[in-house]
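Working notes for the structure below.
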Amino acid sequence: MTAAAIAVTVVETAAGPMTDRRPGRPSGRKSWRGIVIVLAVFAMQTSLTIVFIYDILASILGLRSTPISWQAREFVEMGAALGLVLGFALGAYAWRKALIEARQARQHLARAQTAFSDLMSDRFGDWGLTPAERDVALFAIKGLSTAEIAALRGTSEGTVKAQSNAIYRKAGVSSRSQLLSLFIEDLIGETEPHSTGGNDGGTAVQSRASAA
């Protein structure tokens, strides 16, 4: 990993907590400290790289008659080694933080999937769906077409359509999109606004009243 890549990665990961404004936690001081450290390491690596490149070009092109002293060369080499060590440490930190965030994202996704699965099971039970209708409803929510559902269940498309109509009737909706909207509204905790015209709003309201 190059110094620039390390700098960009760690700055981005360190800048996240700056928006945290919870009481008792320093929101910006720790983040700014990390950014300053990253930029300092990046500046050191950049300056030492420039020195190395200039020394090589000067030796090849004869731009400098007197070579740099061995003390200066040792200083540059020690600085380069320190910069590499710090760059490796920062890269390891960024990698570890990325792993932690990925694990947390997987945990959040697993909890969301569990909540949605429990919600569907409760809804299906309230509506009194048969096992076959549950399967069809689940496939429909996943976005499968009637032909795909029929192929997966080994039945005809007419049977799937009849089961879908039974599901819509029991749920108090008239389409697949309305069926999905019931679960989405329950998950996000929002209520569909009442409609003064058309049958969609009235149907949704009636379905909620019947479910209650």
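The values are calculated or read from the model by the stated rules, or taken from the named source; none is laboratory data. In this text the structure is predicted, and so the values were computed from the model without any measurement. Here Cβ is always computed from backbone atoms with ideal geometry, including for glycine, and neighbour counts include all displayed protein chains.
Among the residues of the stretch 86-128, what is the count of those that are of a type in the set (S, T, N, Q) and either surrounded by fewer than 10 Cβ atoms within 10 Å (Cβ to Cβ) or at pLDDT 90 or above (or both)? Selection size over the stretch 86-128: 2. Can you confirm whether the stretch 20-30 contains a residue that is over 27 Å from the mean Cα position of the chain (by Cα), assigned by TED's automatic domain parsing to the domain that holds PHE88 and at pLDDT below 65? Yes: one or more hits. Filtered by the rule that a residue be under 22 Å from ASP122 (Cβ atoms), part of a loop (DSSP other than H, G, I, E, B) and at pLDDT below 75, the stretch 169-201 gives GLY189, GLU190, THR191, GLU192. Scanning the stretch 129-168 for residues that are surrounded by 18 or more Cβ atoms within 10 Å (Cβ to Cβ) and not in a helix (DSSP H, G or I) returns a single hit, LEU129.
For LEU109, the stated conditions do not hold, so it cannot be described as within 30 Å of GLN45 (Cβ to Cβ) and among the hydrophobic types (A, V, I, L, M, F, W, C).
Looking only at the stretch 64-85, decide whether some residue is outside any helix (DSSP H, G or I), under 30 Å from MET44 (Cβ atoms) and aliphatic (A, V, I, L, M). Within the stretch 64-85, one or more residues are outside any helix (DSSP H, G or I), under 30 Å from MET44 (Cβ atoms) and aliphatic (A, V, I, L, M).
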